[in-house]
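Here's the structure, in structure tokens; my notes come after.
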Amino acid sequence: MENIISGIAYVLGDNIDTDQIIPAEHLVYSTSDKEELKNYGRFALSGVPVEQAGLPEGGKNFITSDDYKSQYSIIIGGSNFGCGSSREHAPLALSVAGIKAVVAESYARIFYRNSIDGGFLIPFESPMKLNCAINTGDVVEINVEENTIKDLTTGFRYSLNSLGSVYEIAQAGGLFEYARKSGMLEK
Amino acid sequence: MGMTITEKILSKSAKRLKVIPGENVWLNVDVLMTHDVCGPPTIDIWKREFGKDAKIWDKNKLVIFPDHYIFTSNPHANRNVELLRQFASEYQLPNYYDVGTDRYKGVCHIALAEEGYNVPGTVLFGTDSHTCTSGAFGMFSTGVGNTDAAFILGTGKIWEKVPESMKFTFDGVMPPYLTAKDLILQILGDISTDGATYCAMEFDGEAIHSLSVYERMTLTNMAIETGAINGIISVDDLTREFLSSKCRQDYEVFYSDPDAKYLNKYNYDVSKLEPLVAKPHSPDNKDTVRNVQGTKLTRCYIGSCTGGKITDFEFAAGILCGKTVKAPTFIVPGSTLVAKQLEERKLNGISLKDIFLNAGCNLAQPSCAACLGGPSDTFGRAVDGDTVISTTNRNFPGRMGSKKSGVYLASALTVAASAINGVITDPREFIL
Ligand code: SF4
């Protein structure tokens, strides 16, 4: 995990469920075939209602044209991000689209675990809702050691909660890497 | 300080005397369940990480049910089932229930109960968020993603943060117009979709223990809708009776200590509750059926792991017997056993199946069907402009198909009453 994670922010509302992140009809693509995998990026966040896509204005496509990579690399959510199903395809889809981190006030347990254990992205918790403070298109910079996020567009800096006990798994790059490093699994 | 039932089971699984909420522990898993959507990617990760000599930690503890996308012409979906089939035959898996054979079961959470995999005091993980359903049997069960499942598949172990517990006590005698679905919708409305995030939900009280085991599964099934890690109900005589014909092993029964610590406690008197719905587009968007009475419907749906159990169809048949439906109504049995029971069980001398057919309902083969939308040819899938009333557990935007549809969640009684009138209807209109 890099200490500085920076990029353009894509802002969403509360309760972004896994059907909005990757609608169920797209769960059929192979996750090991490189070409097919791109579909997960292509349809990432395609279930978000238009008016809530890219707040505060909405109507901003996360993926433009036929591409599978987004111009955005950090998502700012509200409370209960990733609620709903256990599909690991959700953090996977965001990661294929180029998302490196999500910042939200709170997460649903399975999405949080999947993000960390699968090494897809880093789910940061913010003590207050940042989805009303940061706008879609702002350039933001997360400092992992300092537990802060800075909005370079507005100049404001906000604190983040520390990753706590999952830091080591995130730092290793996922559950399997962590288990190998700590001697639980053979190298 | 005493321990809750969840803490006791996790202690046993972690081989510890005691566990404390908030700490991470490594658990020994008793059963791992997967299905056609998450099984193939789990197997991919397991192969990638454990290499050519990847070994399944214990074949007898792995259970696989194709159930999600199975009656479809979608080639990708069918490929997933084919991958499971190959995997099961390559590794000679004893607990694979292939579609198209007489071993086929249907929706995983119902099949786990029917096939005796739910064992009190044990720990079950599944690649499906509603794996918490099995908690109705006094066990710890929860959903995980593919990486965690692949880790379990190779090691039999997984880390978990010990949850704090919340207690929900329901007292009083259940009125005939109320079901477990109304109780959980009440809780959801009160604590919202993240009200129990990372907590254990413990259900107790005389009303809970008067419910059939299948009804209890409706409560534990929807524990995840509040963000809970698990839902749990302690074992009683009804559980023991249910297990006597199914469970092949001895089991250990745990109860919460009287001085166990809870994050908070909620108490309800069921005689004061009334039939509820969750309005579009969230399971916590609670309202009374009375308040939305008259809302025009284009589709009624009875099915899924929450609302496709035999008890749900008994509720619905009681209302639909001798009546006809005004709105298109879709009936999806949760399992092949439920489908069989629909033919065997009778009301006023007519089988439940015939009651539904005579009422003008459409009947499908057991599977998840339109509960999660699925490929475009999925039975009962919601289309643009639909207003659906459904016994399923989620009504997020697009969950049952089109993003331009709205879904009301309700009990089988309320769905059946609404089907007759073609508009949302309080079941009390048909229950004297
Ligand atoms: S019936 Fe619905 S909720 Fe239950 S396992 Fe199937 S898709 Fe999930």
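Checked against (1) within 12 Å of another protein chain (Cβ to nearest Cβ); (2) in contact with a strand residue (DSSP E or B) (Cβ under 6 Å, 6 or more places away or on another chain), B:Asp204 passes all but a single condition, namely (1). Considering only residues in region A:99-128 that are surrounded by fewer than 20 Cβ atoms within 10 Å (Cβ to Cβ) and more than 13 Å from chain B (Cβ to nearest Cβ), the one that is nearest to the chain's Cα centre (by Cα) turns out to be A:Lys100.
Against the criterion of being over 30 Å from B:Lys61 (Cβ atoms), of a type in the set (D, E, K, R) and touching a Ser or Thr at 6+ places or on another chain (Cβ under 6 Å), B:Asp182 qualifies. For region B:52-59, the criterion of a residue being part of a loop (DSSP other than H, G, I, E, B) and crowded, with 24+ Cβ neighbours inside 10 Å is satisfied by no position. Could you please find all residues in region B:89-139 being small (Gly, Ala, Ser), within 14 Å of another protein chain (Cβ to nearest Cβ) and more than 10 Å from the chain's Cα centre (by Cα)? The answer is B:Gly126, and nothing else. Take the residues of region A:159-181 that are surrounded by 19 or more Cβ atoms within 10 Å (Cβ to Cβ) and in a helix (DSSP H, G or I): which is farthest from the other protein chains (Cβ to nearest Cβ)? Out of the qualifying residues, it is A:Ala170. Of the residues making up region B:44-69, those that are within 13 Å of chain A (Cβ to nearest Cβ) and more than 24 Å from the chain's Cα centre (by Cα) are B:Asp44, B:Ile45, B:Trp46, B:Lys47, B:Arg48, B:Glu49, B:Phe50, B:Gly51, B:Asp53, B:Ala54, B:Lys55, B:Trp57.
Residues that are of a type in the set (A, V, I, L, M, F, W, C), within 12 Å of another protein chain (Cβ to nearest Cβ) and assigned to a strand (DSSP E or B) within region B:146-170 comprise B:Ile158, B:Trp159, listed in sequence order. Residues that are on the phi < 0 side of the Ramachandran plot and either free of Cβ contacts under 8 Å to residues at least 24 places away in the same chain or small (Gly, Ala, Ser) (or both) within region B:208-235 comprise B:Ser210, B:Ser212, B:Ala223, B:Ala228, B:Gly231, B:Ser234, listed in sequence order. Output the residues belonging to region B:297-318 that are more than 21 Å from the chain's Cα centre (by Cα) and open to solvent by 10 Å² or more (accessible area, probe 1.4 Å). Listed by number, the residues that qualify are B:Thr298, B:Arg299, B:Gly318. Could we say that B:Thr101 is within 15 Å of the ligand (Cβ to nearest atom), assigned to a loop (DSSP other than H, G, I, E, B) and either touching a Lys or Arg at 6+ places or on another chain (Cβ under 7 Å) or of a type in the set (S, T, N, Q) (or both) here? So B:Thr101 fails the test. Criterion first (more than 16 Å from the ligand (Cβ to nearest atom) and among the aromatic types (Phe, Trp, Tyr)) does B:Phe87 satisfy it? Judged against the criteria, B:Phe87 is a match.
The values are calculated or read from the model by the stated rules, or taken from the named source; none is laboratory data. Since the model is a prediction, treat every value here as computed from it, not as a measurement. For neighbour counting, all protein chains shown are included, and Cβ atoms are generated from backbone atoms with ideal geometry for every residue, glycine included. Heads up: the accessible areas ignore ligands, DNA and RNA and are worked out on the full protein's heavy atoms, side chains in. Shrake-Rupley method; radii C 1.70, N 1.55, O 1.52, S 1.80 Å.
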